[in-house]
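Working notes for the structure below.
The values are calculated or read from the model by the stated rules, or taken from the named source; none is laboratory data. For clarity, every value in this text was computed on a predicted model and none was experimentally measured. As a convention, Cβ positions derive from the backbone with ideal geometry for all residues, glycine included, and neighbour counts pool all protein chains shown.
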Amino acid sequence: MNPSRKNSKIYPKILVVNVKLNSTVVCVYEGEENIFADTIWYSNQEMRNYITIEDQISLRIESVEQLLKNKRVYFDEIEGLVCRGFIVDKACSGTYVIDGNLYVALNYEDLTQRFNESKCLFTEPLLAYELCKKHNVSGYMVTTVNIDEMISQAKITGMKGIERDSFFNALTQKTVAKRFCKHHNKKYEKTNLIVAYLGNRMTIAAHKMGRVIEVNNTSEGEGPFSPERTGNLPMRELVKMCFSGNYIYEELKEIVQSRGGCTAYFGYKDFKVLMENVQKGDEMSKVVFDAMAYNICKEIAKCAIALEGQVYSIILTGRIAHSKIMVENIRNRVSSLAGVHVYAGKEEITNLVEEVLQVLRGEEKEIIYKG
């Protein structure tokens, strides 16, 4: 044990594990202060030798333990291990205790399946569970995508049997909204906000008294177009494409999810390049830029309707929110609805730390999963 350890409810030591395809990101924080952040890379040979999800968990446990040993970080110092995750059943938003019940709920796939990029989010909380069990550490999982707080009116569509689904970057949305409320001495559970996450995927959500009651699902093609996604499309034209014989299902899915927006018009998805071309005076770039801003504003206005016009603030976040030109374009169109604030730039790991700190400091209750 490290004799210099400082027990503090204000500055608890937190371990973050973040599973990527060929690496594991490991961070240690004391309160909001990052002590270190490191990435463990795995060789092609290791990836070939550790093929299944179960193999990968074993490999990553060993590598995380070795890294912490080298950094002289001891497990008995850690007051909380935190990771991302999602539950198959729609979950309430919040920070879940990683225990046996949650492990059973998470362990919905055969661990002998081949590990690939799509399994990273699934593998992460299982890795965290095994580390916590082995070293007797309290573990927490923050739901990232599949929380469901939408009102029933928002789910019903004009076709019986098809409902809108709640699937969005809940971690970023919730953390940014709470951060704003903290800075403005407001309670998130008593405040109406619109949060617009502006990135390669755009999600714009109506937060009503702590619940996301309306949000576009980018995976389903909803919302404004982005640097890589098509957003909403005219239905009849899309149906024509489906039955034209020129596309298979997977190809059309790829067009909607990763070959739309800037990629479709210009062959690139880098928003910085779009901005550079706008500033150089390229006419088509300006047209697409203005249309993107216009469609973002339409989605913000839709959320204002969901909140019955009672909006305390509109918050812009994500990498595109660094663009002053985009922010001003949006502000000029929506400022009559509410004031516009920008919270750009913080990473997902920082958001995880903020969420678990609220639990460790007693500001928010952890959730015990009961199935």
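Select, from T112, T123, the only residue that is part of a helix (DSSP H, G or I), touching a residue at least 24 places away in the same chain (Cβ under 8 Å) and closer than 24 Å to D89 by Cα.
T123
If you check L131 against the conditions, is it closer than 22 Å to V212 by Cβ, in contact (Cβ under 8 Å) with a residue 12 or more places away in the chain and in the same structural domain as K20 (by TED's automatic domain parsing)?
Working: closer than 22 Å to V212 by Cβ: no; in contact (Cβ under 8 Å) with a residue 12 or more places away in the chain: yes; in the same structural domain as K20 (by TED's automatic domain parsing): yes.
When the stated conditions are applied, L131 does not pass them.
Can you go through T39, T24 and tell me which one is outside any helix (DSSP H, G or I), modelled with pLDDT of 95 or more and either outside the structural domain of C120 (by TED's automatic domain parsing) or exposed (fewer than 14 other Cβ atoms within 10 Å of the Cβ) (or both)?
Result: T39 is the single residue among T39, T24 that is outside any helix (DSSP H, G or I), modelled with pLDDT of 95 or more and either outside the structural domain of C120 (by TED's automatic domain parsing) or exposed (fewer than 14 other Cβ atoms within 10 Å of the Cβ) (or both).
Which of the residues that make up the stretch 219-262 are more than 14 Å from M292 (Cβ to Cβ) and polar (S, T, N, Q)? Can you show your working first?
Restricting attention to the stretch 219-262, the residues satisfying the condition of being more than 14 Å from M292 (Cβ to Cβ) are 219-222, 233-259.
S219, S244, N246, Q257, S258, listed by residue number.
With the condition kept exactly as written, say whether any residue in the stretch 215-223 is among the aliphatic types (A, V, I, L, M) and either touching a Ser or Thr at 6+ places or on another chain (Cβ under 7 Å) or in contact (Cβ under 8 Å) with a residue 60 or more places away in the chain (or both). Even if it seems obvious, please write down each step before you answer.
The first filter runs over the stretch 215-223 and keeps only residues among the aliphatic types (A, V, I, L, M), leaving 215.
Next, from what is left, pick out any that are either touching a Ser or Thr at 6+ places or on another chain (Cβ under 7 Å) or in contact (Cβ under 8 Å) with a residue 60 or more places away in the chain (or both): 215.
There is at least one residue in the stretch 215-223 that is among the aliphatic types (A, V, I, L, M) and either touching a Ser or Thr at 6+ places or on another chain (Cβ under 7 Å) or in contact (Cβ under 8 Å) with a residue 60 or more places away in the chain (or both).
Please verify whether the stretch 351-367 includes one or more residues that are part of a helix (DSSP H, G or I) and over 19 Å from A170 (Cβ atoms).
yes
If you check K182, K174, which single one turns out to be closer than 27 Å to V17 by Cβ, free of Cβ contacts under 8 Å to residues at least 12 places away in the same chain and outside the structural domain of V356 (by TED's automatic domain parsing)?
Numbers: K174 fails: free of Cβ contacts under 8 Å to residues at least 12 places away in the same chain.
Just a single option satisfies the conditions, and that option is K182.
Within the stretch 81-132, track down each residue that is over 14 Å from V16 (Cα atoms), within 20 Å of the chain's Cα centre (by Cα) and among the charged types (D, E, K, R).
D89, K90, E117, K119
Is it the case that the stretch 199-207 has a residue that's under 22 Å from E347 (Cβ atoms), assigned to a loop (DSSP other than H, G, I, E, B) and free of Cβ contacts under 8 Å to residues at least 40 places away in the same chain?
Yes, the stretch 199-207 contains at least one residue that is under 22 Å from E347 (Cβ atoms), assigned to a loop (DSSP other than H, G, I, E, B) and free of Cβ contacts under 8 Å to residues at least 40 places away in the same chain.
When residues of the stretch 126-162 are filtered for being within 30 Å of E308 (Cβ to Cβ), modelled with pLDDT under 95, not in a loop (DSSP other than H, G, I, E, B) and not hydroxyl-bearing (S, T, Y), how many remain?
Counting residues in the stretch 126-162 that are within 30 Å of E308 (Cβ to Cβ), modelled with pLDDT under 95, not in a loop (DSSP other than H, G, I, E, B) and not hydroxyl-bearing (S, T, Y) gives 2.
Quick one: which of I314, I248 is among the β-branched types (V, I, T) and either under 22 Å from V176 (Cα atoms) or touching a helix residue (DSSP H, G or I) at 6+ places or on another chain (Cβ under 7 Å) (or both)? Break it down stepwise before answering.
Working: I248 fails: either under 22 Å from V176 (Cα atoms) or touching a helix residue (DSSP H, G or I) at 6+ places or on another chain (Cβ under 7 Å) (or both).
Just one listed residue meets the conditions, I314.
If I filter the stretch 46-60 for residues that are assigned to a loop (DSSP other than H, G, I, E, B) and surrounded by fewer than 18 Cβ atoms within 10 Å (Cβ to Cβ), do I get at least one hit?
Looking through the stretch 46-60, at least one residue is assigned to a loop (DSSP other than H, G, I, E, B) and surrounded by fewer than 18 Cβ atoms within 10 Å (Cβ to Cβ).
Among what's in the stretch 97-113 and is at pLDDT 85 or above and within 21 Å of T24 (Cβ to Cβ), pick the residue that is surrounded by the fewest Cβ atoms within 10 Å (Cβ to Cβ).
So the residue we want is Y103.
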